[in-house]
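Take a look at the structure below.
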Amino acid sequence: YYPVLTGQVALVTGASSGIGRATALGLARAGAVVAVNYGSDAKAAAEVVAEIEAVGSRALAVRADVSREDEVLAMFRSVVETFGTVHVLVSNAGLQRDAPIAEMSLADWNTVIGVNLTGQFLCAREAVREFRRRGIQPDLSVAAGKIICMSSVHEVIPWAGHANYAASKGGVSLLMKTLAQELAPERIRVNAIAPGAIRTPINRAAWDTPEAYGRLLHLLPYRRIGEPDDIAQAAVWLASDASDYVTGATLFVDGGMTLYPGFEDNG
Ligand code: NAD
């Protein structure tokens, strides 16, 4: 990691585990001060804060359920109180509640849409309000604020048995592009990362036995599972001025999962 984010304040949601944790650490290694949002695991969030401090940056653990408006507002208030502002939002919090469509409860539908899609709306809205409060200068040579939405390859790959999740990520895709279009004149950049299969708790069943891992590799032309740091590296780039002309883009970080691997040996 190069110190490309020195002086920047980043807020990462769902940062107590998996991709969010790695991203919070990556941003910190690149010089950012990081607010580590968590939903319930205060101990894990405190560990991420300690790891960030150990690499020489500052961090704050901040609890909020991103699907709740009052909690998102309070989270932004406490981050701004502590660090002065927010320059980078990584909307990463997400979950799955899988079921075949006929068995899917409305509660499971609403939970997934609430966290994965409404949560991204609420956090993006507060980030934009904070970017504007800080003051947008029209002649800025670099971005006035950056929003990175954690999407998924399932923003384009349909996923049987996961209709709520795929719908939420499809929604994130057009939410991201619409915000990018709406906010570009203010030099606010909005992009997404679409991870493929990354080794985290959310998909443990897909990689934690040799049989499952073998099946997974058939979906992965690059023949390895992704690691959380693969996503963190992409997030640092999207947060940095190295990507200053990039807005409205989804960066697929998926080892080729979206390359129709079924056609690999198809004559
Ligand atoms: P994870 O379960 O380790 O991380 C998700 C985090 O979100 C957890 O820390 C969880 O506590 C938090 N969270 C859940 N509900 C929340 C809420 N209401 N408020 C605040 N935080 C909440 O799994 P992960 O793989 O690190 O997932 C991170 C993101 O990456 C998710 O958006 C997921 O959809 C996406 N993603 C993951 C993969 C993968 O293969 N792991 C692939 C594509 C997309």
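For this structure, a couple of remarks:
- The lone exception for THR6 - which of (1) more than 16 Å from the ligand (Cβ to nearest atom); (2) under 18 Å from SER78 (Cβ atoms); (3) touching a Gly at 6+ places or on another chain (Cβ under 9 Å) it fails: (2)
- In the range 240-267, residue farthest from ALA212 (Cα to Cα) [restricted to those that are more than 16 Å from the ligand (Cβ to nearest atom) and not in a loop (DSSP other than H, G, I, E, B)]: ASP241
- Residue list for the range 14-42, restricted to those being over 18 Å from the mean Cα position of the chain (by Cα) and away from the ligand (no atom under 12 Å from the Cβ): GLY31
- Number of the condition not met by SER40 [criteria: (1) assigned to a loop (DSSP other than H, G, I, E, B); (2) closer than 15 Å to ALA10 by Cβ]: (2)
- Cβ-Cβ under 6 Å pairs, at least 6 apart or on other chains, the range 186-212 side part of a loop (DSSP other than H, G, I, E, B), far side aromatic (Phe, Trp, Tyr): ARG199/TRP207; TRP207/TYR213
- Members of the range 51-101 found to be touching a strand residue (DSSP E or B) at 6+ places or on another chain (Cβ under 9 Å), within 11 Å of the ligand (Cβ to nearest atom) and either among the acidic types (Asp, Glu) or modelled with pLDDT under 95 (or both), listed by number: GLU71
- Listed by first and then second residue, the pairs linking a residue in the range 141-166 that is under 17 Å from ILE19 (Cβ atoms) to a residue that is part of a loop (DSSP other than H, G, I, E, B) and among the aliphatic types (A, V, I, L, M), with Cβ atoms under 9 Å apart and 6 or more places separating them unless they lie on different chains, are MET150/ALA93; VAL153/ALA197; VAL153/MET257; TYR165/LEU95.
The values are calculated or read from the model by the stated rules, or taken from the named source; none is laboratory data. These numbers were taken from a predicted model, which means no experiment stands behind them. Please note: Cβ atoms are built from the backbone with ideal geometry, for glycine as well, and neighbour counts cover all protein chains shown.
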